[in-house]
Amino acid sequence: MKRYSALRILKEGLSGHKGWQPAWRDAAPKPAYDVIVIGGGGHGLATAYYLARIHGITNVALLEKGWIGGGNSGRNTTIVRSNYSMEGNTAFYEHSLKLWEGLSQELNYNVMFSQRGHLSLFFTPGQRDALARRYNIMRLNGIDGEFLSRDQVQKMVPHLNYSEDSRFPIMGGFLQPRAGTARHDAVNWGYARAASALGVDIIQNCEVTGFIHEGGKIQGVETSRGEIRAEKIGMAVAGSTSLLAKMAGLGKLPIESHKLQAFVSEPIKPFLDTVVVYSAYNGHFYISQSDKGGMVFGGDLDGYNSYAQRGNLPIYTDVAGCAMNVMPALGRVKILRQWAGIMDMSMDGSPFITKTNIDGLYLNAGWCYGGFKAIPGSGWCFAHTIANDAPHEINSPLTLDRYRQGRQIDESGHGPFPKAH
Ligand SMILES: Cc1cc2nc3c(=O)[nH]c(=O)nc-3n(C[C@H](O)[C@H](O)[C@H](O)COP(=O)(O)OP(=O)(O)OC[C@H]3O[C@@H](n4cnc5c(N)ncnc54)[C@H](O)[C@@H]3O)c2cc1C
């Protein structure tokens, strides 16, 4: 596969763009592989890439029932950060952020990672204390984080609502400068292209419909394109995890499927050059501006279980209410598009990258609505776990049996209520 470079763009530009090739091979399934990865979202694609790139396992099939990036990895609000405070999450998300920092070079694909900062506003002394605790833990772990007074926030983002008469006056903010956004499609396509170049078969329109068990071990999958054999199978199917787990005989997992919506406005001139997060009593709201100018924002889950990739109106109005509270200028902007994704919400709000109790079956799930930022770290750790049949130190706390052992990683402190995380 030819490398992308500035010189290449110039040459292609001068010769009518006739030399570009498809970014990855459209592979047909072979009867057998060393490893099958189910799910062509960012987590599955990154896993396939690191299996080939780091562990030298190139006889890998990536099976996707639709098109790659058609799930949550192509539907999210693209926020990347590592401002976590619980043991288990802290090291994992920082590892992932470090991989993001070199990802475009690693993949030879511009994933448009922009470290524009992530600013969490606070409105009460209680919120300030909770955020201060979190940011102190981060700094003790060598992760960047800064406390900003109300005046510093105003200097950084002048057009928030700073009125003392507003419903929730802004008191200040916590900033992670190395956080930011990336281009979701580019991340999926970049991993697919790089994995395919190393020999991985990216197989779209191939739905897994069953699992083949022989002698107490997993031996392959049944798919809409026939039987495919492998002794190691990794599952990274986000909102469809419970369905696949049932098929595989894993039983009922501590995961519920919930919907989360995203909204994009009409493009406007440069207005916001950081990510702003608002959490007050009337809801949750996060916003950034895409490189095309659209304001990209979202809020809480829709609040009930569903496998539909479309959202409900009450959340739409909640999110709009929060937007008007903190950024009243948005009231003049039209919303252009809206959609939902199916979130794999775990009981404690933290993920699983783990072996299962079925030999040869590995699970990557429970990303809730924070798994975009985790894509590089998750793929890296999942590939290690599959290749070595054992977790890496970084993902060793992210097991399924942590509930049995009382090692919950409840980052938001909401208790065992998936829809609350
Ligand atoms: C609206 C929204 C906003 C979000 N915002 C953020 C954010 O700002 N920051 C952040 O970090 N995270 C965010 N997230 C979460 C993040 O997008 C997800 O956690 C992450 O993309 C999950 O990636 P994945 O690869 O596990 O799943 P997905 O990208 O959903 O991929 C799973 C794939 O599995 C495939 N599949 C399912 N069943 C089968 C089958 N039987 N056979 C074959 N293939 C199958 C699906 O078609 C799908 O393509 C958001 C999510 C949504 C929906």
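The values are calculated or read from the model by the stated rules, or taken from the named source; none is laboratory data. Bear in mind that the values here come from a model prediction, so they are computed numbers and not experimental data. Every residue, glycine as well, gets a Cβ built from its backbone with ideal geometry; the counts of neighbours run over all protein chains shown.
At a glance:
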| read-out | value |
| --- | --- |
| Conditions (1) modelled with pLDDT under 95; (2) of a type in the set (A, V, I, L, M, F, W, C); (3) surrounded by fewer than 20 Cβ atoms within 10 Å (Cβ to Cβ): number failed by Ile315 | (3) |
| Residue match in the stretch 91-102 (condition: in the same structural domain as Asp410 (by TED's automatic domain parsing), within 16 Å of the ligand (Cβ to nearest atom), in a strand (DSSP E or B) and crowded, with 17+ Cβ neighbours inside 10 Å) | no |
| All positions within the stretch 198-212 that are of a type outside the set (S, T, N, Q) and either at pLDDT below 95 or in a loop (DSSP other than H, G, I, E, B) (or both) | Leu198, Gly199, Val200, Cys206, Glu207 |
| Hits in the stretch 38-49 - residues which are of a type outside the set (Gly, Ala, Ser) and either near the ligand (Cβ under 10 Å from one of its atoms) or surrounded by fewer than 24 Cβ atoms within 10 Å (Cβ to Cβ) (or both) | Ile38, His43, Leu45, Thr47 |
| Matching option when the condition is more than 14 Å from the ligand (Cβ to nearest atom), of a type in the set (Lys, Arg), touching a Lys or Arg at 6+ places or on another chain (Cβ under 9 Å) and farther than 30 Å from Asp129 by Cα, among Lys252, Lys259, Lys217, Lys246 | Lys252 |
| Filter result for Lys65 (within 16 Å of the ligand (Cβ to nearest atom) and farther than 17 Å from Ser378 by Cβ) | yes |
| Search result, residues across the stretch 297-330 that are under 27 Å from Phe271 (Cα atoms), within 19 Å of the chain's Cα centre (by Cα) and acidic (Asp, Glu) | Asp300 |
| Residue match in the stretch 143-165 (condition: aromatic (Phe, Trp, Tyr) and either on the phi > 0 side of the Ramachandran plot or in contact with a helix residue (DSSP H, G or I) (Cβ under 6 Å, 6 or more places away or on another chain) (or both)) | yes |
| Close pairs from the stretch 1-14: first exposed (fewer than 10 other Cβ atoms within 10 Å of the Cβ), partner assigned to a loop (DSSP other than H, G, I, E, B), Cβ under 9 Å, at least 6 apart | Arg3/Asn108 |
| Test: residue in the stretch 187-201 that is under 16 Å from Gly360 (Cα atoms), in contact with a Lys or Arg (Cβ under 7 Å, 6 or more places away or on another chain), in the same structural domain as Glu101 (by TED's automatic domain parsing) and not β-branched (Val, Ile, Thr) | no |
| Residue check for Met343: in contact with a strand residue (DSSP E or B) (Cβ under 6 Å, 6 or more places away or on another chain) and either among the basic types (Lys, Arg) or in contact (Cβ under 8 Å) with a residue 60 or more places away in the chain (or both) | yes |
| Number of the condition not met by Arg310 [criteria: (1) assigned to a strand (DSSP E or B); (2) under 24 Å from His184 (Cα atoms); (3) of a type outside the set (A, V, I, L, M)] | (1) |
| Residue list for the stretch 197-210, filter: touching a residue at least 40 places away in the same chain (Cβ under 8 Å) and touching an Asp or Glu at 6+ places or on another chain (Cβ under 9 Å) | Ile202, Ile203, Gln204, Asn205, Cys206, Glu207, Val208 |
| Subset of the stretch 214-223 [assigned to a strand (DSSP E or B), in contact (Cβ under 8 Å) with a residue 60 or more places away in the chain and not polar (S, T, N, Q)] | Lys217, Ile218, Gly220, Val221 |
| From the options Ser306, Ser224, Ser257, residue that is surrounded by 16 or more Cβ atoms within 10 Å (Cβ to Cβ) and either out of contact with any helix residue (DSSP H, G or I) (no Cβ under 7 Å at 6 or more places or on another chain) or at positive phi (or both) | Ser306 |
| Residue list for the stretch 372-420, filter: outside any helix (DSSP H, G or I) and in contact with a strand residue (DSSP E or B) (Cβ under 6 Å, 6 or more places away or on another chain) | Lys373, Leu398, Thr399 |
| Test: residue in the stretch 388-398 that is within 16 Å of the ligand (Cβ to nearest atom) and under 24 Å from Gly39 (Cβ atoms) | yes |
| Output for the stretch 171-210, where each listed residue is within 20 Å of the chain's Cα centre (by Cα) and acidic (Asp, Glu) | Asp185 |
| Wholly within the stretch 224-290, strands (runs of 3 or more DSSP E) carrying at least 2 residues that are among the polar types (S, T, N, Q) and modelled with pLDDT of 95 or more | 255-267, 283-289 |
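Residue-wise test of (1) buried (at least 23 other Cβ atoms within 10 Å of the Cβ); (2) within 16 Å of the ligand (Cβ to nearest atom); (3) farther than 27 Å from Ala52 by Cα.
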position	(1), (2), (3)
Gln152	no, no, yes
Lys155	no, no, yes
Glu164	no, no, yes
Gly180	yes, yes, yes
Ala195	yes, yes, no
Gly199	no, no, no
